[in-house]
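Below is one structure, written out as structure tokens; the observations come after it.
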Amino acid sequence: MTTGRATPAEAACTDAPDAQRAPAPDTACADAPNACAVAPPAALGGPVSHAVSRVARLHRIAAGKVLKGVGLYPGQELLMTHLWDRGAVRQTELIRALELDPSTVTKMLQRLEQTGHVRRRPDPADRRAALVEATDDSCALHTAVETAWGRLEEQTLAGLDTAERDELVRLLAKVEENLCQETADCPDRA
């Protein structure tokens, strides 16, 4: 995360004698204005990875704002979507599907139970396991989440035409595939 201020370690690493320093920002920007508008600070040799990290962070913040309007925390909408799509599932399946720590999923379920959106009950096939399901009362939440994600989508893609949006989806799918090949356990894309 970049704050715009160098940490002491960054300052020590970037301090160079005057002759080796880059031109002052106003001179550099005057000579190459596009370079100043696009180049992220402290990209650490990976400008694309740095950009993806920044975008993911900002997208999560924006998602948090739209979800707050429907009474959810980020991540809870993904849990609910899993339940709406698949019906009653074991809590262990939710943990696997969401790729979260069991204690995090338990806390999410507790909050969602308190608001009446989910219920847990013993699995009739295995009384040691718990089944989790969306309640009938969560139907209004389903509509609200779809609306919130629609607003987030438009906010995220504002200023991009249809062709650019399609190209962005295509490129992100390629990036996702590259990352999946490098991981032992690629997330479920269903």
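The values are calculated or read from the model by the stated rules, or taken from the named source; none is laboratory data. The structure displayed is predicted, hence computed values, not measured ones. Using ideal geometry, Cβ is built from the backbone for each residue, glycine included, and neighbour counts are taken over all protein chains shown. Each accessible area value is taken on the protein alone, full model and side chains, heavy atoms only, with ligands, DNA and RNA left out. Shrake-Rupley method; radii C 1.70, N 1.55, O 1.52, S 1.80 Å.
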Item to check | Condition broken by GLY159, with the remaining ones in (1) assigned to a helix (DSSP H, G or I); (2) modelled with pLDDT of 95 or more; (3) not acidic (Asp, Glu) satisfied | outcome: (1)
Checklist outcome for this item: Of those in the range 96-115 that are more than 15 Å from VAL145 (Cβ to Cβ) and part of a loop (DSSP other than H, G, I, E, B), the residue farthest from the chain's Cα centre (by Cα) is ASP101
Checklist entry - Among the helices (runs of 4 or more DSSP H) confined wholly to the range 1-95, which include 2 or more residues that are modelled with pLDDT under 90 and open to solvent by 100 Å² or more (accessible area, probe 1.4 Å)? => result 8-14, 25-31, 33-38
Checklist entry - So VAL175 clears everything in (1) within 23 Å of ILE95 (Cβ to Cβ); (2) outside any strand (DSSP E or B); (3) in contact (Cβ under 8 Å) with a residue 40 or more places away in the chain except one condition, right? Which one? => result (1)
Item to check | Output for the range 125-149, where each listed residue is open to solvent by 40 Å² or more (accessible area, probe 1.4 Å) and among the hydrophobic types (A, V, I, L, M, F, W, C) | outcome: ALA125, CYS139, ALA140, TRP149
Next on the checklist: Can you pull out every residue in the range 168-186 that is open to solvent by 70 Å² or more (accessible area, probe 1.4 Å), more than 16 Å from VAL52 (Cβ to Cβ) and of a type outside the set (A, V, I, L, M)?
Outcome noted: GLN181, ASP185
Checklist outcome for this item: Pairs returned, first residue in the range 104-119 that is farther than 11 Å from VAL132 by Cβ, second residue that is at pLDDT 95 or above, beta-carbon separation under 7 angstrom, 6 or more apart or interchain, are GLY116/THR135
